[in-house]
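Visitor: Can you read through this structure? Questions will come right after.
Nothing in this text is a laboratory measurement; each read-out follows from the coordinates by a stated rule. This is a predicted model, so every value here is computed, not measured. Counting neighbours? That spans all protein chains shown, and the Cβs are built from the backbone with ideal geometry, glycine included.
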Amino acid sequence: MPKALKLDDPDVTLRQDERESFVAPIEPVTMNSTADARAELISSPQRVAVDVRNVSLTFETADGKVDALSNVSLQVAEGEFVSFIGPSGCGKTTMLRVIADLQQPTSGTLLVNGVSAEQARLERRYGYVFQAPALFPWRTIEKNLKLPLEIMGFSDSEQRQRAARYLALVNLTGFERKFPWQLSGGMQQRVSIARALSFDPELLLMDEPFGALDEIVRDHLNEQLLQLWDKTGKTVLFVTHSIPEAVFLSTKIVVMSPRPGRIIDIIDCNFPRARTLEIRETPEFLKIAQRVRVGLRAGHSYDE
């Protein structure tokens with residue numbers, strides 16, 4: 001698996017000791033077609049859950065063109081927890097939406113578990129957790145969780161079983177008959193996560209789900225999310241603005257530049273899957289956090 005991409009600006013450099021500790025540079029890979037990308041996926045000894053090759057996205061607006069993503073390439077292995085971090089407007093959410101086939105790239109190729117993003121969406125291979133819980137206030141917690149199952153045509157008995165199973169997974173057993181307004185913000189977000197997992201997707205996309213929560217609740221949910229990831233074995237793509245959150249949760253951190261969104265660095269986090277908040281005080285954690293800061297500062301050279 002590639003560990004880093006070269007900086008686009010040759011004048012921007014990262015310290016050699018940090019580069020050697022966490023990343024190794026690679027040359028960009030050019031794929032001519034989706035068929036080429038699929039052939040690469042099949043030949044790889046490790047299954048790739050998300051394979052992004054040279055993806056760019058340009059929006060047409062009343063004020064002209066806006067380049068949201070520029071030549072982004074990324075491979076995510078099955079079962080990884082990958083965080084995207086960068087300044088506001090750098091294309092983190094756009095990247096998630098492209099993977100989810102909610103927006104189509106202007107150029108490049110993209111595979112999700114070996115199929116196109118469109119096919120992955122139609123086959124419901126991913127769950128999406130938004131910044132806000134997006135729960136219907138007139139439906140109980142159980143009925144909010146069961147909504148995608150109703151749409152997909154699961155039987156009533158299967159809906160009940162799955163609702164009970166995934167509410168238990170996020171430690172909300174006993175709240176089935178409550179309404180969203182009777183739960184705290186953190187509890188509502190846990191319902192949103194349970195709903196996204198209820199139909200057992202292969203991929204979980206999370207767009208800054210804890211950004212609006214206070215630090216104490218956020219820390220608690222970070223720990224719970226790691227436990228959930230360990231229990232389910234899902235591949236997780238996670239958008240955040242928090243450096244400590246990215247380092248604590250991830251097996252890999254993708255650092256992005258200001259618009260147009262480019263990948264500045266991809267940093268491995270080789271911490272044990274079972275980790276506690278105390279790891280944030282270790283030299284290894286602090287060194288990776290500093291590495292992320294260096295990448296974010298380097299990215300701002302594009303504005304100069």
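Visitor: Taking neighbour Cβ counts within 10 Å as the exposure measure, how do 193, 279 sort from fewest upward?
Guide: Lowest to highest Cβ neighbour count: 279, 193.
Visitor: If you build the Cα gyration tensor of the stretch 137-200 and take the root of 5 times each eigenvalue, what three semi-axes come out, in whole angstrom, biggest first?
Guide: 18, 12, 10
Visitor: For q = 0.17, 0.25, 0.29 Å⁻¹, what log10 I(q)/I(0) does the stretch 195-253 give under the Debye formula with an equal point scatterer on each alpha carbon and no solvent?
Guide: Evaluating at q = 0.17, 0.25, 0.29 Å⁻¹ gives log10 I(q)/I(0) of -0.55, -1.19, -1.48.
Visitor: How high is the FRET efficiency from residue 61 to residue 274, r the C-beta distance, R0 51 Å, rounded to 0.05?
Guide: Efficiency, rounded to the nearest 0.05: 0.65.
Visitor: What area, in nm² and to one decimal, does the C-alpha convex hull of the stretch 180-278 cast on average over all directions? Walk me through the intermediate numbers first.
Guide: On the way: hull surface 29.6 nm².
For the Cα atoms of the stretch 180-278, the hull's average projected area reads 7.4 nm².
Visitor: Just subtract the alpha-carbon distance of residue 132 and residue 297 from 0.36 nm times their residue separation and send over the number in nm, one decimal.
Guide: Details: separation 165, 0.36 × 165 = 59.40 nm, distance 2.88 nm.
Here the segment from residue 132 to residue 297 would lengthen by 56.5 nm.
Visitor: Report ³J(HN,Hα) in whole Hz for each residue of the stretch 83-92, in order, from the Karplus equation J = 6.51 cos²θ - 1.76 cosθ + 1.60 where θ = phi - 60°; Gly and Pro get x.
Guide: So the Karplus estimates, Gly and Pro as x, are 9, 9, 9, x, x, 4, x, 8, x, 4 Hz.
Visitor: Roughly how many Å is it from the Cα centre of the stretch 159-177 to that of the stretch 207-280, as a whole number?
Guide: 25
Visitor: Can you list the HN-Hα couplings for the stretch 160-177, worked out from phi with the Karplus curve (6.51, -1.76, 1.60; θ = phi - 60°), rounded to whole Hz and with x for Gly and Pro?
Guide: Running phi through 6.51 cos²θ - 1.76 cosθ + 1.60 with θ = phi - 60° gives 5, 5, 5, 4, 5, 5, 7, 5, 5, 5, 9, 6, 10, 4, x, 9, 4, 9 Hz.
Visitor: What length, rounded to one decimal in nm, is gained on full extension from residue 161 through to residue 182, with 0.36 nm per residue of separation minus their alpha-carbon distance?
Guide: Values: separation 21, 0.36 × 21 = 7.56 nm, distance 2.31 nm.
Here the answer is 5.2 nm.
Visitor: Looking at this model, which pairs from 65/146; 92/287; 143/231; 65/234; 146/234 are more than 29 angstrom apart at the alpha-carbon?
Guide: With Cα atoms farther than 29 Å apart: 65/146; 65/234.
Visitor: Here's something else I'd like to know. Run the quick spin-label model on residue 286 and residue 119: label points 7 Å from Cα toward the beta carbon, then report their separation in nm to one decimal.
Guide: Taking the two extended label points, one gets 4.9 nm.
Visitor: Oh, and also: So, with +1 on the Cβ of K and R and -1 on the Cβ of D and E, and no other charges, what is the size of the charge dipole of the stretch 137-200 about its Cα centre, to the nearest 20 debye?
Guide: 180
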